[in-house]
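The structure under discussion appears below in the form of structure tokens.
The values are calculated or read from the model by the stated rules, or taken from the named source; none is laboratory data. Being a predicted model, the structure only gives us computed values, none of them experimental. When we count neighbours, we look across all protein chains shown, and the Cβ atoms used for this are built from the backbone with ideal geometry, even at glycine. With ligands, DNA and RNA removed, areas are computed over all heavy atoms of the protein, side chains included. Shrake-Rupley method; radii C 1.70, N 1.55, O 1.52, S 1.80 Å.
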Amino acid sequence: MQTELLNTRKTWQTVIELITAMDAWLDFYYGKRRHSYTGYMSPDQYEVLWNDLNNPLLLT
């Protein structure tokens, strides 16, 4: 986050702006960023697929 968000913009007008920017970055980084480990699926997509494959109610 330091190099990708905080170093790109030196100041925020309010703490709320900074918190909002950090929240958006974390949402992207942990939820939408694609990973080679999961076949270039986002963690959100991978979690849905994993739940679909491992939910015993859906397999019957």
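Summary of computed values
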| read-out | value |
| --- | --- |
| Cleavage-rule hits (chymotrypsin sites (Phe, Trp or Tyr not before Pro)) in segment 24-60: DSSP loop, at most 11 neighbouring Cβ within 10 angstrom | Y40 |
| Helix 15-27 axis, angle to the chain major axis (alpha carbon atoms, nearest 10°) | 30 |
| Magnitude of the charge dipole, segment 8-60, Cβ model with Lys/Arg +1 and Asp/Glu -1, debye to 20 | 300 |
| Residue-normalised accessible area of the chain, expressed per residue, 1.4 Å probe, Å² | 86 |
| Cα long-axis angle, helix 43-54 against the chain (0 to 90 degrees, to the nearest 10) | 20 |
| Dipole of the chain [Lys/Arg +1, Asp/Glu -1 at C-beta], most positive-end residue of M41, L5, L57 | L5 |
| Chain lengthening between Y37 and L53 when straightened (0.36 nm per residue, less Cα-Cα) | 4.0 nm |
